[in-house]
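What follows is a short report on a single structure.
The values are calculated or read from the model by the stated rules, or taken from the named source; none is laboratory data. Computed from a predicted model, the values in this text were never measured in an experiment. All Cβ positions, even for glycine, are placed from backbone atoms using ideal geometry, and neighbour counts span all protein chains on display. Note: accessible area is taken over every heavy atom of the protein model, side chains too, but ligands, DNA and RNA are not part of it. Shrake-Rupley method; radii C 1.70, N 1.55, O 1.52, S 1.80 Å.
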Amino acid sequence: MGKNAKKKDAPKHGGWRDRLSDLALRGFIGTVNLLPVRSRLALVGWAVRRLIAPPLGWYARAEANIDHVWPGTTAERKRAIAEAAIDNLGRALIENYDPQEMLRRGAAYPVSGPGLSALEAARAEGHPVLLLSGHYGNPVCARCALVARGIPVGGFLRPLSNPYSNARYIQNYRDVADPVFVQGRRGLMDLLKHIRDGGIAAMAFDVFESSGPAIDFLGQPAPTTLSPAEIALKTNALLIPYFGIRRADGYGFDCIVEEPIAHGTPLDMMREATRRLEARIEADPGQWMWTHRRWKPKRQKKRQRKRAAATM
């Protein structure tokens, strides 16, 4: 069968399958949101760990990632990290569907860190800021903590493939604070304008970026976007790493604002951003999303072979 036939037979986004999937998700979220928040988080964390993750192969993927960067980790340790990471993923998922509760919690829990004074001074002076985080703890909770303290942090996100679920997903970000920018040419241009005009926005960077340079992440090369550093340089914005670190009870969290990354080359700036995230993961690896395909070593090897062939 040819490539055109495969594309023709592929399901289109926005069809009945996406509609049914979105209805099921809405029904699930609506039901669990009837529970008190602590019970809700515990239930969804359990459901994702026990019912959803095993058939989707999330434990195998998480443990393969751990083997890739930390060979020699015992089976028991790998399982414990994977369990914690998948539980955190489930809790973060349902948290993001109750923005008002996150804002209330954000007002109740502390914001600290060596970069907080720089962020507050930039806010007071109208100086642009780009906050940078990874898929660690729940950065949306940290954003809520800053918004609750009068620091208007816009959001930048990747859209979901399901257009029905995506509409709710984007609205949840807007319910925390506007503006919200969706990845794409228009969204990037609007983000640049917002920051250049003295705004504050937040984004994550720890995703596989096929066109980006390979930066060592936990000891293994990982293609990494340079966009955050490039945006900061273009707009003269402070580039400040921040983290929403979940507490041991699975409910509370701390928002930590780190020192701004010094301007330099985009590559050096993103290497420093990577080091900041690495330090957090090494301190508490169960908070990072190990189910994420961050390294894709097979794809990297294939890309290297193509490049080598092109130079022959």
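Below is a table of values for the structure above.
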item: Calculated on alpha-carbon atoms, Rg and Dmax of segment 154-312 in Å; result: 17.1, 57
item: Environment charge at residue 165 (Cβ cut-off 14 Å; Lys +1, Arg +1, Asp -1, Glu -1); result: +3
item: The chain - accessible surface per residue (Å², probe 1.4 Å); result: 50
item: Solvent-accessible surface (1.4 angstrom probe) belonging to residue 265, in square angstrom, nearest 10; result: 70
item: Other-chain or far-sequence residues with amide H under 5 Å of residue 216's (modelled H); result: 222
item: Debye intensity ratio in log₁₀ form over the Cα atoms of segment 53-156, taken at each q of 0.11, 0.16, 0.22, 0.24 Å⁻¹; result: -0.49, -0.83, -1.11, -1.23
item: For the chain, built as a Gaussian network whose Cα springs stay under 10 Å, the top-fluctuating residue of 131, 191, 233; result: 233
item: Whole-percent carbon and sulfur share, accessible surface of the chain, 1.4 Å; result: 55
item: 20 Å tail of the calculated P(r), segment 14-82, as % of Cα pairs; result: 51
item: Residue among 234, 298, 78 with the largest mean-square fluctuation in a Gaussian network model of the chain, springs linking Cα atoms under 10 Å; result: 298
item: Note, ³J(HN,Hα) from phi for segment 200-205, Karplus 6.51, -1.76, 1.60, rounded to Hz, x at Gly and Pro; result: 10, 9, 10, 8, 9, 10
item: Charge tally in the Cβ shell below 15 Å around residue 192, where Lys, Arg are +1 and Asp, Glu are -1, residue 192 excluded; result: +2
item: Probe 1.4 Å - accessible area at residue 178, Å² to nearest ten; result: 90
item: Option label - Rg and Dmax of the Cα atoms in Å computed here, alternatives [x] 24.2, 77; [y] 19.9, 63; [z] 20.5, 70; result: [y]
item: With DNA, RNA and ligands ignored, accessible area of residue 216 (1.4 Å probe; Å², nearest 10); result: 90
item: From phi via Karplus (6.51, -1.76, 1.60), per-residue ³J(HN,Hα) for segment 246-262 in Hz, x at Gly/Pro; result: 6, 7, 4, 7, x, 10, x, 7, 10, 9, 10, 10, 8, 4, x, 7, 4
